[in-house]
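Below is one structure, written out as structure tokens; comments come after it.
The values are calculated or read from the model by the stated rules, or taken from the named source; none is laboratory data. Here the structure is a predicted model, which is why all the values come from computation and not from measurement. As a convention, Cβ positions derive from the backbone with ideal geometry for all residues, glycine included, and neighbour counts pool all protein chains shown.
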Amino acid sequence: MHKITLINGDGIGPEISESVMKIIKASGLTVEWDIQTAGADVIEKEGTPLPQRVLDSIRRNKVALKAPVTTPIGKGFRSVNVQLRKDLDLYANLRPCKNLPGVNTRFDNVDLIVVRENTEDLYAGIEEQIDSDTAHSIKIITRKASERICRFAFEYAVKNNRHEVCCVTKANIMKLSDGLFLESFRVVAKDYPNISPREILVDNLCMQLVQDPSRFDVLVLPNLYGDIVSDLTAGLIGGLGVAQGANIGLDCAVFEPVHGSAPDIKGQNKANPTALLMSAIEMLKYIGENFYAEKIEKALFKTLADGNKTADIGGKLSTTEFTDVVINNL
Ligand code: ATP
């Protein structure tokens, strides 16, 4: 039996976690969930939104499913998401973007993978106030982290029958930092003669993605461009309610939806559990439970294709009604 850490999050986190646990149970797969609370709700009791016990649990179980966790603004806490990624060295952020049946969007041929570097760039958090009118933020790019993420992207391409990896930078302007990322990409690409390497500037990529996303296959990007572009690609397939993600390191992996904790619809039984469910499906594939992953995916796709949807993607169902239809379709 698998023991998996579940961070049930805050905002809509507990509702969508409940839905996903119910669906996995109904599929016939037995999972022992090591449920760990984190975020705004534990600060008062434990003094931090990310207690050590959460990190210990993930290190022990190696795999976690994570619902969104809010980091309170302006209270001096580091982002829970950034801290998790850093402490567990989850260096690769993987966001597959593919059209879902029944979810109408502008394009119906989106099938691309965003691989975002997760540990450095402007997210290193090195900022200084020079004077009251000037602030500096330092962009860190290292050869080690750049080669590691580019290798991850090429390996992913090989294992998943992809044909091209495209490196996204602004190396014409940031010649040293983005230049180093691009140079690392070129070095790594030589080890993968069967995958076509491609290079593009991030502004051009954005324009082309909204014109015709089928022009792209696997994208690899430094942290900040990856953050922005992966929200753009989430929009291409129907928005935050359906966009999944994973943070992968050498020892551990944390699977989580792209969306935040949606406090505006908290506790109203309105949240779409699809993004967390898609993340869970990827997680099941990662731990080798392909049979159950495919069984749940089929049930989810049938549910959506039959027009059963939550309000965020144009339907009328509540979280629990949607969950029950998926379970019926299993
Ligand atoms: P963060 O900064 O943590 O990413 P945010 O405020 O930018 O959070 P979200 O919390 O993801 O963004 O919410 C953005 C909008 O999308 C909100 O209106 C929210 O209700 C909606 N939303 C996000 N996730 C879902 C979901 N799973 N189901 C339905 N609506 C959602």
All conditions in (1) within 28 Å of residue 36 (Cβ to Cβ); (2) among the basic types (Lys, Arg); (3) in a loop (DSSP other than H, G, I, E, B); (4) modelled with pLDDT of 95 or more are true of residue 175 except (1)
Condition set touching a Ser or Thr at 6+ places or on another chain (Cβ under 8 Å) and part of a loop (DSSP other than H, G, I, E, B), scope region 51-68, selection farthest from the ligand (Cβ to nearest atom): answer is 67
In region 147-175, residues that are closer than 20 Å to residue 216 by Cβ, buried (at least 16 other Cβ atoms within 10 Å of the Cβ) and in contact with a strand residue (DSSP E or B) (Cβ under 9 Å, 6 or more places away or on another chain) total 15
From the option list 106, 95, single residue qualifying as assigned to a loop (DSSP other than H, G, I, E, B) and either under 21 Å from the mean Cα position of the chain (by Cα) or not polar (S, T, N, Q) (or both) is 106
Reported set for region 293-322 where residues are without any contact (Cβ under 8 Å) to a residue 12 or more places away in the chain and within 12 Å of the ligand (Cβ to nearest atom) is 315, 317
Residue 9 meets each of (1) under 20 Å from residue 283 (Cβ atoms); (2) at pLDDT below 95; (3) in a helix (DSSP H, G or I) with one exception, condition (3)
Apart from one, (1) on the phi < 0 side of the Ramachandran plot; (2) buried (at least 19 other Cβ atoms within 10 Å of the Cβ); (3) in contact with a helix residue (DSSP H, G or I) (Cβ under 8 Å, 6 or more places away or on another chain) all hold for residue 39; the odd one out is (1)
### Query
Going by the conditions given, is residue 165 under 21 Å from the mean Cα position of the chain (by Cα), touching a residue at least 60 places away in the same chain (Cβ under 8 Å) and outside any helix (DSSP H, G or I)?
no
Checked 235, 267, 245 against criteria (surrounded by 22 or more Cβ atoms within 10 Å (Cβ to Cβ) and more than 10 Å from the ligand (Cβ to nearest atom)); the one match is 245
Going through region 1-33 in order, the residues found to be more than 21 Å from the chain's Cα centre (by Cα) and either of a type in the set (A, V, I, L, M, F, W, C) or on the phi < 0 side of the Ramachandran plot (or both) are 1, 2, 3, 22, 25, 26, 27, 29, 30, 31, 32
A careful count of residues in region 128-145 that are crowded, with 20+ Cβ neighbours inside 10 Å and in a helix (DSSP H, G or I) gives 1
Scanning for something farther than 20 Å from residue 102 by Cα and basic (Lys, Arg), does region 269-280 turn up at least one residue? no
For residue 286, the lone unmet condition from (1) in contact with a strand residue (DSSP E or B) (Cβ under 7 Å, 6 or more places away or on another chain); (2) modelled with pLDDT of 95 or more is (2)
Of those in region 277-292 that are part of a loop (DSSP other than H, G, I, E, B) and over 18 Å from the mean Cα position of the chain (by Cα), the residue nearest to the ligand (Cβ to nearest atom) is 289
Only unsatisfied item for residue 148, checking (1) in contact (Cβ under 8 Å) with a residue 12 or more places away in the chain; (2) assigned to a strand (DSSP E or B), is (2)
Quick check: anything in region 1-16 under 27 Å from residue 116 (Cβ atoms), among the hydroxyl-bearing types (Ser, Thr, Tyr) and in the same structural domain as residue 271 (by TED's automatic domain parsing)? yes
Residue in region 322-330 that is over 22 Å from residue 268 (Cβ atoms), of a type outside the set (D, E, K, R) and assigned to a helix (DSSP H, G or I) present | yes
